[in-house]
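The next block holds one structure in the form of structure tokens; read it before the comments.
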Amino acid sequence: MAAWVPLVVGVAFIGGLIALVVWLKRRAVKTPAAGSAELGALEHRYKGQRDAKGWVSFRHEGALVRAYQQAGKHPSFTTCLDLPNSGYPARFLSPDVGVEQTPVDSRYHPLITFTQEGGAQRTGKRLGINREVQIGDASFDAAVYITAAAPDELVHRVCQQLEVREAILGLLREGYTHVEVFGTQAPVSVTCRTAPPSVLREASHRTTLERLHTIARALPAITIAKPGKARVELQAKVTATLWVLAFVSILLNVGAVQAIDTFGSQLLVATLKVSAVVLPPLLIALFLLMRGRPESFVNQLLSGLALLALVPCAASASLRLGNMLADDGPGRQVEALIVDRWTTTQKSSTYYHVKVEPADAALPPSEFKVGYSSYLCLTPGTEARLWVREGALQLPWVESISCAP
């Protein structure tokens with residue numbers, strides 16, 4: 001049974017990965033809420049226009065406002081505001097700031113996200129994993145968590161006015177979960193993940209628009225070299241790379257399990273030893289790499305989980321392949337007793353398995369996959385012959401199994 005441990009772990013990990021992708025996709029894919037009564041009332045109230053994707057656009061005090069409501073299992077409501085003639089997304093210039101101000105140059109959108117500070121963020125800061133920009137306002141810093149793909153100086157310039165900080169706090173307390181500045185959609189936007197979104201009430205939404213105006217008019221001028229693209233942080237790149245490597249190592253390990261028969265308990269012990277040596281330094285290096293970066297604690301946790309899956313699977317596959325490919329020693333014949341046999345079916349294919357107990361006490365009982373012709377004669381209680389190779393890493397593996405004459 002031990003020989004199937006890597007395969008079971010690999011299949012379970014792939015299933016978990018697929019479930020995670022489906023869950024993230026359901027959260028990310030937005031379903032137009034064409035029949036939403038709340039959004040329809042908003043469209044009627046401001047005499048707005050709705051496009052094919054479900055966004056309602058209208059003018060409010062000269063600014064262009066776009067609103068969107070996502071229906072379904074994970075409803076949300078988003079409002080974006082752009083000032084007239086600001087030049088966004090290639091640049092941003094508020095009429096209240098003036099053309100005299102030197103714009104901040106940025107290659108990508110310097111997205112700044114404000115959320116209510118929760119337990120995960122506080123834990124990340126206490127452990128030294130997350131680094132959050134502190135504005136200097138004690139009440140604001142304690143209530144709001146800032147995630148920024150922008151220099152600290154720009155974050156301070158955005159939040160330097162008390163009216164802006166009060167507007168951000170008011171939006172979060174009103175029920176909005178995210179306040180974004182300099183995103184790809186608009187200079188300032190808010191998102192509410194509630195069902196139904198109480199912020200759609202006329203009085204509440206009017207207050208929301210006033211607060212968005214307050215934030216937008218106080219924003220510093222910027223120029224963006226690549227409009228429409230958000231900056232990808234180092235942590236996101238590392239997380240994506242680790243998950244890709246973990247997936248490849250799982251596939252490689254599954255293929256090695258199918259192609260190379262080894263005595264499972266010995267390989268499992270070797271895999272655990274390699275993982276125990278390699279994994280701690282890699283986790284420490286990952287911690288040091290991510291430490292002090294203003295990125296998501298959840299994404300950092302995902303990086304660690306990917307590394308925990310990557311190392312054992314890669315170690316198991318590498319041990320199997322290296323042990324076989326570098327083995328140039330002679331093999332030997334070992335008598336074994338067939339303890340049990342069974343079949344498994346996957347889609348339209350049938351696989352045949354036997355459990356053997358070698359006469360050599362140094363070789364543990366193990367399970368192997370055999371062909372149909374061998375399966376017919378390898379009945380429980382009969383003798384079999386194993387052609388065993390010692391392996392380059394001293395991990396014996398079975399080259400062939402045949403029926404005893």
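The values are calculated or read from the model by the stated rules, or taken from the named source; none is laboratory data. A quick note: this is a predicted structure, and the numbers were derived from the prediction, not measured. We place every Cβ from the backbone using ideal geometry, glycine too, and count neighbours over all the protein chains shown.
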Report task. With respect to Q101, determine if the residue is surrounded by fewer than 17 Cβ atoms within 10 Å (Cβ to Cβ) and at pLDDT 85 or above. Result -> no
Query - Within the stretch 379-405, considering residues that are in contact with a Lys or Arg (Cβ under 6 Å, 6 or more places away or on another chain) and among the hydrophobic types (A, V, I, L, M, F, W, C), the one nearest to L268 (Cα to Cα) - result: W397
Report task. Hey, could you check the stretch 139-162 for residues that are in contact (Cβ under 8 Å) with a residue 60 or more places away in the chain and farther than 21 Å from T177 by Cα and say which is surrounded by the fewest Cβ atoms within 10 Å (Cβ to Cβ)? Result -> R157
Query raised in the report: Among the residues of the stretch 325-367, which ones are over 19 Å from T379 (Cα atoms), in contact with a strand residue (DSSP E or B) (Cβ under 6 Å, 6 or more places away or on another chain) and assigned to a loop (DSSP other than H, G, I, E, B)?
Result: D327, D360
Query raised in the report: Restricting attention to the stretch 63-81, does a residue exist that is surrounded by fewer than 19 Cβ atoms within 10 Å (Cβ to Cβ) and at pLDDT 85 or above?
Result: yes
Query raised in the report: Hey, does the stretch 389-404 have a residue that's surrounded by 17 or more Cβ atoms within 10 Å (Cβ to Cβ) and of a type in the set (K, R)?
Result: yes
Query raised in the report: For the subset of the stretch 116-138 comprising residues that are crowded, with 17+ Cβ neighbours inside 10 Å and either over 17 Å from V164 (Cβ atoms) or touching a Leu at 6+ places or on another chain (Cβ under 9 Å) (or both), which member is modelled with the lowest pLDDT?
Result: I129
**Report entry** Members of the stretch 373-405 that are among the polar types (S, T, N, Q), in a strand (DSSP E or B) and out of contact with any helix residue (DSSP H, G or I) (no Cβ under 8 Å at 6 or more places or on another chain)
**Finding:** S400
Requested in this report: Run down T350, T382 and say which single residue is out of contact with any Ser or Thr (no Cβ under 7 Å at 6 or more places or on another chain), over 24 Å from L321 (Cβ atoms) and β-branched (V, I, T).
Outcome: T382
Query raised in the report: K355: touching a residue at least 40 places away in the same chain (Cβ under 8 Å) and not assigned by TED's automatic domain parsing to the domain that holds G119, yes or no?
Result: no
